[in-house]
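The values are calculated or read from the model by the stated rules, or taken from the named source; none is laboratory data. From a predicted model like this one, the values you see are computed outputs, not experimental measurements. Cβ: placed from backbone, ideal geometry, glycine included. Neighbour counts: every protein chain shown. Surface accessibility is based on the protein's heavy atoms, side chains included, excluding ligands, DNA and RNA. Shrake-Rupley method; radii C 1.70, N 1.55, O 1.52, S 1.80 Å.
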Amino acid sequence: MRYASTYDTAGAPVVAELQGDRLVPLDGLAELGPQTTARALAAAPRRTADAFPASEATLRPVVPNPAKVFCVGLNYLAHIEETGRSDSDYPVLFPKFASSLTGPFATMELPAESVQIDYEGELAVVIGEPGRRISSGEAGGHVLGYTVANDVSMRDYQYKTHQWMQGKAWDACTPLGPYLVTPDEVDITAQRISTVLNGEKVQDSTIELLIFSIPRLIATISEFTELRTGDVILTGTPSGVGHRRTPPLYLKSGDVVSVEVTGVGTLRNEIA
């Protein structure tokens, strides 16, 4: 199944299921998040009489208000190599906040304070079943679904210190969406991820090249904190980021950047 956090025809926030080219609101559910386990989504009555064209929807971030957003750095070998860093046997982790997120087709206003604004296409995982100290073997049962993210990064702020948060957690600068795709819909390790900037492909890889797999990430994170329904994990970006190009390629007003994960979806954002 494919679900969105959107608005119905009356302008009320709602979870909707994609059926063909139409979105069908789910009764009683305002957004994907802490209350929307797989069981809750399956049990919610479908308001078929209120269905509307998906092309007319104003989509919110797939999970508009997650309790936690975890991000993974340096999770593709080619990206490690282009940064000149060494690999590790433990993933690089850092946080974002719910306020960091924006819609999958929203116009994204870039901050005036930064002049080194970069794209990072990523696969995102949404947690469905809460848990602590989850084993890698059990991790799949805790996944609600997959979506697409762009971990837009302000590089000049990121490298002000050896911590990355100030360059990664800017408000409304992380598009997330367009849909949550349940695991039964897609063999996620068989998919490709790509980023296109102004019609030029700038990132291209396969999900199977993740150094730390999705089960490993879930197991690692849940060692130190409980994963809850609606939490989001951004799994890392492949090589091709603008900061490591010669000359560097930074986002500017008027640009259009899209990220696609095959089998999951495509987000597209204009830059203002």
So for each of 66-72, 129-135, 166-172 I average, over its residues, the number of other beta carbons within 10 Å; can you give me the resulting order with the highest mean first? 66-72, 166-172, 129-135
For the Cα atoms of the chain, what angle does the longest principal axis make with the long axis of helix 214-224, in degrees from 0 to 90, nearest 10? 90
Run the reach check for residue 201 against lysines, Cα to Cα strictly under 22 Å, same-chain hits fewer than 8 apart removed. What comes back? 252
So between residue 223 and residue 253, what do we pick up on full extension, going 0.36 nm a residue minus the alpha carbon distance? 6.7 nm
Cα centroids of the range 109-179 and the range 218-261: how far apart, whole angstrom? 5
Can you give the net charge of the other residues whose Cβ lies under 10 Å from the Cβ of residue 256, counting K and R as +1 and D and E as -1? -1
Using a cut-off of 17 Å between alpha-carbon atoms, which lysines can reach residue 160, once sequence neighbours fewer than 8 places away in the same chain are excluded? 168
I need to check one value: relative contact order of the chain, counting alpha carbon pairs closer than 8 Å and at least 6 residues apart, in percent. 25
Considering only protein heavy atoms, what per residue accessible area in square angstrom results for the chain with a 1.4 angstrom probe? 42
Rounded to the nearest 10 Å², what accessible area does residue 241 have for a 1.4 Å probe in the complete protein model? 0
Going by the alpha-carbon gyration tensor, a ≥ b ≥ c the square roots of its eigenvalues, is the chain rounded (a/c under 1.5) or, if a/c is not under 1.5, prolate (a/b greater than b/c) versus oblate? oblate
Hey, what number do you get for the chain at 222 nm if only DSSP H runs of n ≥ 4 count, each worth -39500 (n - 2.57), divided across all residues, to the nearest 500? -3000 deg cm²/dmol
Of the accessible area of the chain, with the probe set at 1.4 angstrom, what percent is carbon plus sulfur? 50
Of the candidates 246, 55, 72, the farthest towards the positive dipole end of the chain (Lys/Arg Cβ +1, Asp/Glu Cβ -1, centred on the Cα centre) is 72
Suppose a student asked you for the relative contact order of the range 33-117, using Cα pairs under 8 Å spaced at least 6 residues apart; what percent would you report? 32
What shape does the range 1-42 have by the C-alpha gyration tensor, where a ≥ b ≥ c are the square roots of the eigenvalues, rounded means a/c under 1.5, and otherwise prolate means a/b greater than b/c and oblate the rest? oblate
With only Lys, Arg, Asp and Glu charged, each at its Cβ (+1 for the first two, -1 for the last two), find how big the charge dipole of the chain is about the Cα centre; round to the nearest 20 debye. 320
